[in-house]
Amino acid sequence: MRHLVIFLITFLFISPDLFSQNNFTYVGVDQCVMCHKTEKQGSQLSIWKNSKHSKAYETLKTDKANQIAKEKGFTTPAIETEDCLKCHATGYNLDKAMLGNKFKVEDGVQCETCHGPGSAYKDMKVMKDKALAIKNGLIVHEEKEKFCIGCHNAESPTYTGFEFEESWEKIKHNVPKN
């Protein structure tokens, strides 16, 4: 049952098919941080850059990651293994038409991994209206823990448990109320 829940969460929140039907495209971290880097906005850029999420893709380039992939029976390096990439990168499996020219798979677990492709909600006038931003593809998770366990679960070969509250404290990035 747990694996079914994980599959459904992953499908509902990460499935490229879900987004492609709306013609939303991934724009990349550089587009998001134009507005989400200042302290007034919540310092989301520095929170992300100092998190393991920003380095998730890079970890797949290591000898340790390749050894884990090999032990799991994969014949490809971790950086080319879909079972690894699905939690360490966004956009690796998408048609190029869904990726903006500034989008980089190498950014790992980044803004659009959790919040959906930003092409239609990235504009300031859209972002200032939460309902409009959501209509234009912004994902705001009401049940964050359920979303996070799509990757932070026993399916991961390095899983040692997941304490959501503790982890959330490290990466939360709310926009401060004025």
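Laid out as a table, the results:
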read-out: Residue that is least open to solvent (accessible area, probe 1.4 Å) [pool: residues in segment 65-81 that are polar (S, T, N, Q) and over 13 Å from P157 (Cα atoms)]; value: T81
read-out: Unmet criterion (only one of (1) surrounded by fewer than 17 Cβ atoms within 10 Å (Cβ to Cβ); (2) assigned to a loop (DSSP other than H, G, I, E, B); (3) at pLDDT 95 or above) for T90; value: (1)
read-out: Output for segment 93-132, where each listed residue is over 20 Å from H53 (Cα atoms), outside any helix (DSSP H, G or I) and open to solvent by 50 Å² or more (accessible area, probe 1.4 Å); value: D95, N101, K122, D123, K128, D129
read-out: Residue that is nearest to T81 (Cα to Cα) [pool: residues in segment 44-64 that are open to solvent by less than 40 Å² (accessible area, probe 1.4 Å) and free of Cβ contacts under 8 Å to residues at least 40 places away in the same chain]; value: L60
read-out: Residues of segment 145-163 satisfying the condition of being at pLDDT 95 or above and either assigned to a helix (DSSP H, G or I) or among the β-branched types (V, I, T) (or both); value: E145, K146, F147, C148, I149
read-out: Unique match (being more than 22 Å from Q44 (Cβ to Cβ) and touching a helix residue (DSSP H, G or I) at 6+ places or on another chain (Cβ under 6 Å)) among L132, L85, L94; value: L94
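Per-residue answers, yes or no, for (1) more than 28 Å from N174 (Cβ to Cβ); (2) out of contact with any His (no Cβ under 9 Å at 6 or more places or on another chain); (3) modelled with pLDDT of 95 or more:
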position: S43; (1), (2), (3): no, no, no
position: L85; (1), (2), (3): yes, yes, yes
position: D107; (1), (2), (3): no, yes, yes
position: Y121; (1), (2), (3): no, no, yes
position: I139; (1), (2), (3): no, no, yes
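The values are calculated or read from the model by the stated rules, or taken from the named source; none is laboratory data. A quick note: this is a predicted structure, and the numbers were derived from the prediction, not measured. We place every Cβ from the backbone using ideal geometry, glycine too, and count neighbours over all the protein chains shown. For accessibility, only protein heavy atoms count, side chains too; no ligands or nucleic acids. Shrake-Rupley method; radii C 1.70, N 1.55, O 1.52, S 1.80 Å.
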